[in-house]
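Structure first, commentary second.
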Amino acid sequence: MLTVDYDRLGVGPGDLVLDLGCGFGRHAFEAARRGASVVALDAGPDEVAQVRATLGAMVDAGELAPDDPATAVQGNALALPFGDATFDRVIASEVLEHIPDDTAAMRELARVLKPGGAMAVTVPRCVPEAVNWALSDEYHDTPGGHVRIYRRSTLERRLRSVGLEPKGFHHAHGLHSPYWWLRSLVGPSNDSHPAVSAYHKVLVTRAADRVLSPLIGKSLVLYLSKPVAGVTELPDTQPDAPRGVPGRRGPTTPTHGAAA
């Protein structure tokens, strides 16, 4: 189930899209299906390998063309291996809450977005997230776990500070909030608990999710743009980019460390 509304973000054929913190690729796959050229980036080698395998399976199944430029790379959110103004669209879904220096990551996101481009940033919504923290220390106090809870005003202010302009927001995943409250009660790592297993089956009920999302949606989704006015002219150089990305130059695999 997608968190970002692709029609609102404006993803379409010919766009070059970065999916930062791609996980196992759900947002990257949808962008590729819509005809965009996609770079999925994650800190975890297992996630990157799985995304590459799924992209290959999509080609085999005829969902993507054999020469489709979609790719996945391992990299660092604080030092993205791309030139300035590379991407038409950027997605950062459920990643900033994991990064201690989130403003530095936001600065990198703004840097690689083209002037006039659009971005979607999603984070856990304040109140449902606060309930999880109150119910369970294990929920957030784990290696690579959540390090902060965002208010929308705070997130918008930090994104404005790096040159991005908020354009709107909505909430998503209304059914996920009670699910994670339940998991926090029984233990976040207890996947086999009967109540957790039973509720997991409900998560596929999209009609109920649409109704509950404005009320108790687990995710806050912000849409932003990078203004054109006031942007200085960029050097006429070709940025380093992964295999399959227009303008690729240099090694395929970035040498930076893992992202948060």
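Any number yet on Rg/Rh for segment 13-92, C-alpha, Kirkwood? Reported Rg/Rh, Kirkwood definition of Rh: 0.94.
Histogrammed with a bin width of 10 Å, the alpha carbon distances of segment 1-144 distribute as 11, 40, 34, 13, 2 percent, first bin at zero.
A 1.4 Å probe over all protein chains sorts Lys167, Lys226, Lys114 by accessible area into Lys167, Lys114, Lys226, starting with the largest. When the solvent-accessible area of segment 49-112 is split by element, carbon and sulfur atoms take up 49 percent of it, the probe being 1.4 Å. Taking all protein chains together and rolling a 1.4 Å probe, Glu94 ends up with roughly 50 Å² accessible. Taking a straight line from the alpha carbon of Lys167, these aspartates and glutamates sit under 18 Å away, with near neighbours fewer than eight places off in the same chain left out: Asp5, Asp7, Asp88, Glu156.
The values are calculated or read from the model by the stated rules, or taken from the named source; none is laboratory data. Only a predicted model underlies this, so the values are computations on that prediction, with no experimental measurement involved. Ligands, DNA and RNA are excluded from the accessible area calculation, which covers all protein heavy atoms including side chains. Shrake-Rupley method; radii C 1.70, N 1.55, O 1.52, S 1.80 Å.
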